[in-house]
Amino acid sequence: MSCSSPTIAITLDRVSKVYPGGHVAVRDVTLNIQTGEVLVLVGTSGSGKTTTMKMINRLVEPTSGSIRVGGEDISKINPIQLRRSIGYVIQEIGLFPHMTVAKNIALVPSLKGWPKPRQNERVAELLELVGLPPDQYAKKHPHQLSGGQKQRVGVARALAGDPDILLMDEPFGALDPITRGQLHEEFLKLQRRLRKTIVFVTHDMLEAIRLAERIAVMDGGVLEQVGTPREVLAHPATRRVADLVGADATLKLLGLCTVEQALEALGAESPDALGPVIRSGDSLKDALLTMVACGRASLPVVNVDGTLRGRVTLQGLQTALAGQEKDRRPQGAARGQGTHA
Amino acid sequence: MGVLSYMAEHPGHILALTRAHLWISLLATGIGTVLSIPLGVLVHRVPATRAPALALVNAGQTIPSLALLGLMLPVFGIGFTSALLAITARALLPILLNTYAGLLSIPRSTIEAARGMGMTDPQILWRVEFPLALPVILAGIRTALVISIGVATLAAYIGAGGLGDLIFQGIAMVDAPLLLAGAIPTAILAFAADGLVGWIERRLMRPMTSG
């Protein structure tokens, strides 16, 4: 795994998909996806995001244009072999209800003809990885799992053949917000370890902002903008992107950071012991709202146990906003293709 | 009771008739299964085949069995073959319809997940679609078997034997005990077949539904 200069894992070159009735699902999309990055395709339903993703593993064949994976034109790769080399996660229903968790996970290895002991080893290893003890979960059937557990199994299954690329189609869409948040955390943690190239489809801009290194916004089959979450939030390229981002882009950005990230040492003045305080684990969005609510430009920051940590200021919020991008980005990543004519 | 004494006096005869009855019913259901499942897959895969295939099996279902037997006679003559084919014709529809319905009930996303993971079409059919549709297909086989056991009583009419022998003799001789000696084992066979296949169905469903 090279962490140095970014290489291109997937290239879409002027790809279009027109259905027999004349409906244009995807129009002239050009996009480079870098090795080891999380690229989130975001858009409303009918925006062409899912179709774009499905063209990468040839579940959908493009009408024109070409797609290269690892430098190879995929129209020249056997689709069965291609799909076995790319992990695929969809909503929880994609688990096979008649197979145990272990069988579900071992599916691609068994298709690839791995010997049985190696399959079992891999199942145990992956269940550990996604936080489900194998002795408890391997023999269960999908209906015995919660939504979040199913989704973990779905991720484990996609990783089973050790693919370099993962395609994820709204994998967390059917989950309650709390489970979803947990899985987002785990997703990011896992990705820091594994550094897979991930193409992630969602209609939820907030999810995109949380998970993406780069966001590709689609609308009406057209790629409207590609950029880091901060770029997209701060400088939406088109009216449609601005609509998708919403009027509260700055708040969304602040919601992404914790007070910890804007923590400053206490100034000369001693903090007002009776005034409002904010906890270091709260989001900067909470900090801003509290400041606005009580008309202050700074707030004392306390630990969970109530001891004083420092302070957070309006100025600090602005700096944190500006600095957020640098923290999230792997260095040296190239810009996206930007907008499309 | 006349029935019981008749049965007690001729256990070997009744057993032989029951065995013949069961054999022709099972054979008809078996042939029906072997024909209908591939046809059901075809109907599911190729929409254009749906109307003609359904028309065909519907004909087998709606033409009265007695008439069907009559139609078979000139071609296959008196006896086992004609009866077997007439019964088989009745077994086709439930199995075909249930195979089709079972395949149709599988969510598209499940199939797409399978395809997206790199399964070939035959692998998807054998490892995903059949196992998931199996309980519904079995329900069709169960219906077909119960129908076959009922229809098989008519086989006696063209000399193919079975418990229908006793029933027709009973009717001809206005001998109720004789008639019942054929009818009661037939009913017991039908119930037993229904119960047994139903039990297998539930066994297969268990891993998918209960804790």
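Here is how the numbers come out for the structure above:
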| read-out | value |
| --- | --- |
| Electrostatic dipole magnitude of the range A:105-211 [Cβ: Lys, Arg +1; Asp, Glu -1; Cα centre; debye, to 20] | 340 debye |
| Cleavage-rule hits, trypsin sites (Lys or Arg not before Pro), the range B:1-61, DSSP coil, Cβ neighbours within 10 Å at most 13 | none |
| Theoretical FRET efficiency, 1/(1+(r/R0)^6), r = Cβ-Cβ of B:Ala176 and B:Ala16, R0 22 Å, to 0.05 | 0.50 |
| Chain B: most fluctuating residue of B:Pro122, B:Pro177, B:Pro94 per GNM, C-alpha cutoff 10 Å | B:Pro122 |
| Solvent-accessible area of A:Val123 with every protein chain in place, 1.4 Å probe, in Å² to the nearest 10 | 10 Å² |
| Using alpha carbons only: equivalent-ellipsoid semi-axes of the range B:1-150, gyration tensor based, whole Å | 37, 19, 11 |
| Anisotropy class of the range A:149-196 from Cα gyration tensor, a/c 1.5 cut | prolate |
| Peptides ranked, highest mean first, by Cβ atoms within 10 Å: ranges A:52-59, A:137-144, A:97-104 | A:52-59, A:97-104, A:137-144 |
| Percentage relative contact order, chain A, counting C-alpha pairs under 8 Å, at least six apart | 19 percent |
| Cross-link table A:Lys116/A:Lys140; A:Lys49/A:Lys285; A:Lys17/A:Lys252; A:Lys54/A:Lys252; A:Lys112/A:Lys150, entries beyond 25 Å C-alpha to C-alpha | A:Lys49/A:Lys285; A:Lys17/A:Lys252; A:Lys54/A:Lys252 |
| Kyte-Doolittle mean at least 0.0 and Cα axial length at least 18 Å: DSSP H helices in chain B | B:11-45, B:80-104, B:130-151, B:176-209 |
| Along each principal axis, Cα extent of chain A, largest first, Å | 69, 54, 38 |
| For the range A:87-181, the spread of Cα positions along each principal axis, largest first, Å | 39, 29, 23 |
| Carbon + sulfur, % of accessible area of the range A:161-282 - ligands and nucleic acids excluded, 1.4 Å | 52 percent |
| Packing-based order for A:202-215, A:282-295, using average beta carbon neighbours within 10 Å, highest first | A:202-215, A:282-295 |
| Longest to shortest principal axis, alpha-carbon extents of the range A:193-265, angstrom | 49, 34, 16 |
| B:Ser65 accessible area, assembled protein chains, probe 1.4 Å, Å² | 10 Å² |
| Chain A - charge dipole about Cα centre, Lys and Arg +1 at Cβ, Asp and Glu -1, debye rounded to 20 | 1040 debye |
| Using a Förster distance of 41 Å, the FRET efficiency for A:Thr179-B:Glu9 (Cβ separation, nearest 0.05) | 0.05 |
| Dipole of the protein assembly as shown, positive direction: furthest Cα of B:Gln169, A:Val24, A:Val241, with charges on the beta-carbon | A:Val24 |
| Spin-label pair A:Ala293/B:Ile78, simplified geometry with 7 Å Cα→Cβ offset, distance in nm | 9.8 nm |
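The values are calculated or read from the model by the stated rules, or taken from the named source; none is laboratory data. Quantities reported herein were computed from a predicted structural model and do not represent experimental measurements. In this analysis, Cβ positions are derived from the backbone assuming ideal geometry, glycine residues included, and neighbour counts consider all displayed protein chains. Only protein heavy atoms, including side chains, enter the accessible area calculation; ligands, DNA and RNA are left aside. Shrake-Rupley method; radii C 1.70, N 1.55, O 1.52, S 1.80 Å.
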